[in-house]
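Participant: My questions all concern the structure below.
Quick note: the coordinates plus some simple rules give every number you see, no bench work behind them. Computed from a predicted structure; not experimentally measured. Virtual Cβ from ideal backbone geometry, glycine too; neighbours counted across all protein chains shown.
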Amino acid sequence: AKNEGRNRFKYFSEELTRAARERIDIEIRLRQAIELGELRVFFQPQVDVETGEILAAEALVRWQTATGETVLPTRFIPIAEETGLITAIGNWVLRETCRQGREWLDAGLPPLRLAVNLSPQQFLHSDIRAEVTKTLRETGFPAHLLELELTESALMKREKEAIQILHNLHDLGVHLAIDDFGTGYSSLAYLKLLPLDVLKIDRSFIEDIPHHTDDMEITATIIAMAKNLRMRVIAEGVETAEQLAFLKTRQCDLYQGFLTSAPLCALEFSAFLAAYRRE
Ligand code: C2E
Ligand code: CA
Ligand code: CA
Ligand code: CA
């Protein structure tokens, strides 16, 4: 029995070492990835629930390594957040999105709003207002077409500061969205204090529609609440026609999800748009 315990300990410590090693490996490779230009921005359409028109897109980062492997953000964003690399990555995503958006406008595409995710680090611990100002000026992308997505946790961390930063950003004319709504603890009273334009309902509430009546109730309540606060409301992770039909009955404004399209690289996205509009 003694031996068994020792073996189990050995097993756990090997597991831990392996996980730690993988983290360090990702961190080192990620530092280089930025310099090597291995990051890409993908775009996922945001669709008007009522008309089916594509009005906007969310920018989502991808890491394409030299070996051709695509690393998803869930594997490297948390590490980037802890090591502070997230600010460099986030600023790059912001710039690349605005550059691409300007290119599409210049090519004569109908104006789309582009939404970019801001991490808590980038939002609270970098001069985000200066970065956004500079990026908009240098790329020539219009402020009113840029939307910045913030999670509840970023907004709850240092409330007073967060509110001030939101106002600073809002004064630039960009739109502000609260992402993954419903997964944190923000109260209605708190939301009312914030200059937010958009509320994104977390995918976890959409997932089991129409099988979970509780989730349907919650989704309906969030939509009604957002409308009372005069916010645009987006459902994320919409995969089925039933989910879309439900959102339509509740007059949700926009949706995003595999039902329309997975995130696409810029080239695929503009081809998708052209084909979608011809339909
Ligand atoms: P998020 O902001 O909640 O982004 C939505 C995620 O849901 C994306 O995953 C998207 O591909 C996925 N998704 C979209 N539609 C569906 C659907 O119908 N079903 C399912 N199952 N999933 C769907 P992705 O691209 O892997 O990104 C994961 C997370 O990584 C994002 O969640 C966001 O928190 C973070 N992230 C991505 N790009 C950036 C970035 O540039 N900066 C920062 N700070 N975070 C980012
Ligand atoms: Ca998001
Ligand atoms: Ca989200
Ligand atoms: Ca999410």
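Participant: Restricted to the range 230-256, and to residues that are away from ligand 1 (no atom under 15 Å from the Cβ) and surrounded by fewer than 15 Cβ atoms within 10 Å (Cβ to Cβ), which residue is farthest from the chain's Cα centre (by Cα)?
Facilitator: Once the filter is applied, the top-ranked residue is 249.
Participant: Still on this model: Residue check, residue 224 against (1) small (Gly, Ala, Ser); (2) surrounded by fewer than 21 Cβ atoms within 10 Å (Cβ to Cβ); (3) within 15 Å of ligand 1 (Cβ to nearest atom), all met but one. Which one?
Facilitator: Looking at each condition in turn, residue 224 falls short on (3).
Participant: OK, next. Just wondering, is there one or more residues in the range 55-77 that are buried (at least 17 other Cβ atoms within 10 Å of the Cβ), more than 28 Å from residue 174 (Cβ to Cβ) and under 17 Å from the mean Cα position of the chain (by Cα)?
Facilitator: yes
Participant: Does residue 116 satisfy the criteria of being among the β-branched types (Val, Ile, Thr), without any contact (Cβ under 8 Å) to a residue 60 or more places away in the chain, outside any helix (DSSP H, G or I) and within 16 Å of ligand 3 (Cβ to nearest atom)?
Facilitator: Spelling it out, residue 116 is indeed among the β-branched types (Val, Ile, Thr), without any contact (Cβ under 8 Å) to a residue 60 or more places away in the chain, outside any helix (DSSP H, G or I) and within 16 Å of ligand 3 (Cβ to nearest atom).
Participant: Name the residues in the range 125-154 that are within 16 Å of ligand 3 (Cβ to nearest atom), aliphatic (A, V, I, L, M) and touching a Pro at 6+ places or on another chain (Cβ under 9 Å), would you?
Facilitator: Once the filter is applied, which keeps residues that are within 16 Å of ligand 3 (Cβ to nearest atom), aliphatic (A, V, I, L, M) and touching a Pro at 6+ places or on another chain (Cβ under 9 Å), the range 125-154 yields 150, 154.
Participant: Let me ask you something else. Can you pull out every residue in the range 209-242 that is within 16 Å of ligand 4 (Cβ to nearest atom), more than 20 Å from residue 184 (Cβ to Cβ) and not hydrophobic (A, V, I, L, M, F, W, C)?
Facilitator: 239
Every residue, every condition in (1) surrounded by fewer than 22 Cβ atoms within 10 Å (Cβ to Cβ); (2) under 18 Å from residue 56 (Cα atoms), yes or no:
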residue: 79; (1), (2): yes, no
residue: 95; (1), (2): yes, yes
residue: 99; (1), (2): yes, yes
residue: 106; (1), (2): yes, yes
residue: 114; (1), (2): no, yes
residue: 123; (1), (2): no, no
residue: 129; (1), (2): yes, no
residue: 142; (1), (2): yes, yes
residue: 146; (1), (2): no, yes
